[in-house]
Amino acid sequence: MKVVKTNKALFQAISSWRKDGHTVGFVPTMGALHEGHISLIKAALAKNDVVVCSIFVNPTQFNNAKDLALYPRTLQKDRVVLEEAGCSLLYAPSVEEVYPPNLETEVKFPFKGLDKMMEGKFRPGHFKGMAQVVKRLLDLVQPDHLYMGQKDFQQFTIVAHMLKTLKMKTQLVVCPILREKNGLAMSSRNQRLTPELREQAAIIHKTLKAAKTKLKTMEVREVEKWAMKKMEVPDFKPEYFSIVDGYTLKSVHDIHQHDYIVACVAVWAGEVRLIDNMIYKNP
C-alpha cells in the first residue's frame with residue numbers, strides 16, 4: 001500500500017493508474033478506523049481495480065472546538081488496518097494540502113433545506129464544511145465510485161444531492177451500518193465511551209427497533225415523543241428522534257403517503273455525541 005501526504009504524490013499515483021485503465025474507488029474517512037470503515041474498503045475492492053482511502057480530520061465541519069480537539073487520531077494503527085484490508089493507497093494530507101491559502105474551496109450549490117433539519121439544527125455549519133471537504137477530495141482523487149456508510153444518513157443524502165446538482169461523474173455507493181454485538185452502530189466516537197456507557201448505548205438501537213413497531217398503532221409525532229422519553233436514562237441526553245422522508249428529510253406525518261421512511265436519532269452519552277438511523281420503509 002502506498003502512503004502519500006501531498007497532492008502532487010496523489011496525482012502521480014492516480015495518473016499512473018488511469019493510464020493503465022484502472023477504475024478507482026474512494027473511501028473518505030477521518031481515521032480512528034473500525035470494522036465499518038473496513039467494510040467500505042472491501043466493498044470498494046469488489047467493484048474497482050484500486051482503492052484510495054483518505055484520513056483527514058476536517059476542521060471546517062466541526063462547530064465545536066472541543067469536539068475537534070478530542071476526535072481520536074490513530075494514524076499509525078489505521079495504516080496497518082488499511083494495509084491488511086488490501087487498500088491500494090492511503091492519502092493522509094495536512095490541512096494546508098487540502099485547503100491551500102490561495103485556493104477557493106467553498107462549495108456553492110443549493111442545499112434545498114437538506115442541511116437545516118436534524119444534524120443541521122444542532123450543528124450549524126457542519127454540512128457546509130462536510131460538502132466542502134468531500135467536493136475538494138473528489139476533485140483531488142477523481143474516483144469512479146465514492147463509498148459512504150448509511151450511519152451518516154443525512155450526510156450521504158446531501159452528498160448525493162451535491163453530485164447530482166454539480167453534475168459530477170462519481171457514483172455514490174452507500175453501504176449498510178455495521179453494529180457492535182449490543183446493536184450500537186460502529187463509530188470512531190465509540191472509542192471515547194466508557195465500557196459502561198458503551199454497553200448502555202444499546203438503548204439507541206433498541207429504541208429505533210421498538211419505535212418501528214409502535215408506528216403500526218400510534219401517530220408519528222407520538223412515536224417520536226415516546227422514543228425521546230425512552231432514551232432519557234442516566235448519563236444519556238437525546239437531542240432528536242425524527243421520522244422523516246428518506247428523499248427530502250422532511251418530517252413524515254402519514255406513513256402511508258411515503259415510500260421511503262427513515263428514523264434518525266442523535267443522543268449524548270456522557271460527553272460523546274452518537275447518531276444512528278433505521279430505514280423503516282424502503283422504496
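Of all residues in the stretch 248-283, how many are out of contact with any strand residue (DSSP E or B) (no Cβ under 7 Å at 6 or more places or on another chain) and without any contact (Cβ under 8 Å) to a residue 40 or more places away in the chain? Of the residues in the stretch 248-283, 6 are out of contact with any strand residue (DSSP E or B) (no Cβ under 7 Å at 6 or more places or on another chain) and without any contact (Cβ under 8 Å) to a residue 40 or more places away in the chain. Can you work out which of the residues in the stretch 200-243 that are touching a residue at least 60 places away in the same chain (Cβ under 8 Å) and of a type in the set (Lys, Arg) is farthest from residue 273 (Cα to Cα)? Per the stated criteria, the residue is 212.
Only residues that are surrounded by 15 or more Cβ atoms within 10 Å (Cβ to Cβ) and outside any helix (DSSP H, G or I) were counted across the stretch 4-21, and they come to 1. The one condition from (1) more than 23 Å from residue 67 (Cα to Cα); (2) surrounded by 14 or more Cβ atoms within 10 Å (Cβ to Cβ) that residue 139 does not meet is (2).
Among the candidates 160, 85, which residue alone is crowded, with 19+ Cβ neighbours inside 10 Å, over 25 Å from residue 66 (Cβ atoms) and either at pLDDT below 95 or small (Gly, Ala, Ser) (or both)? Write out each step before concluding.
Values: 160 fails: crowded, with 19+ Cβ neighbours inside 10 Å.
The match here is 85.
Each row is one residue, and each column tells you yes or no for (1) part of a loop (DSSP other than H, G, I, E, B); (2) under 22 Å from residue 178 (Cα atoms); (3) modelled with pLDDT under 95; (4) in the same structural domain as residue 209 (by TED's automatic domain parsing).
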{"residue": "221", "(1), (2), (3), (4)": "no, no, no, yes"}
{"residue": "248", "(1), (2), (3), (4)": "yes, no, no, yes"}
{"residue": "266", "(1), (2), (3), (4)": "no, yes, no, yes"}
{"residue": "283", "(1), (2), (3), (4)": "yes, yes, yes, no"}
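Against the numbered list (1) at pLDDT 95 or above; (2) buried (at least 18 other Cβ atoms within 10 Å of the Cβ); (3) hydroxyl-bearing (Ser, Thr, Tyr); (4) under 23 Å from residue 68 (Cβ atoms), residue 194 comes up short only at (2). Within the stretch 166-199, can you find the residues that are under 18 Å from the mean Cα position of the chain (by Cα), touching a residue at least 60 places away in the same chain (Cβ under 8 Å) and outside any loop (DSSP other than H, G, I, E, B)? Those that are under 18 Å from the mean Cα position of the chain (by Cα), touching a residue at least 60 places away in the same chain (Cβ under 8 Å) and outside any loop (DSSP other than H, G, I, E, B): 173, 175, 185, 188, 189, 190, 191, 192.
Screening the candidates 143, 100, 93 for the property of being in a loop (DSSP other than H, G, I, E, B) and either over 25 Å from residue 50 (Cα atoms) or among the aliphatic types (A, V, I, L, M) (or both) yields one hit, 100. Here the stretch 11-46 is the region considered, the condition is being among the hydrophobic types (A, V, I, L, M, F, W, C) and touching an Asp or Glu at 6+ places or on another chain (Cβ under 8 Å), and the residue that is nearest to residue 137 (Cα to Cα) is 24.
The values are calculated or read from the model by the stated rules, or taken from the named source; none is laboratory data. What you see is a predicted model; the values in this text were computed from it and never measured. Neighbour counts run over all protein chains shown; Cβ positions are idealised from the backbone, glycine included.
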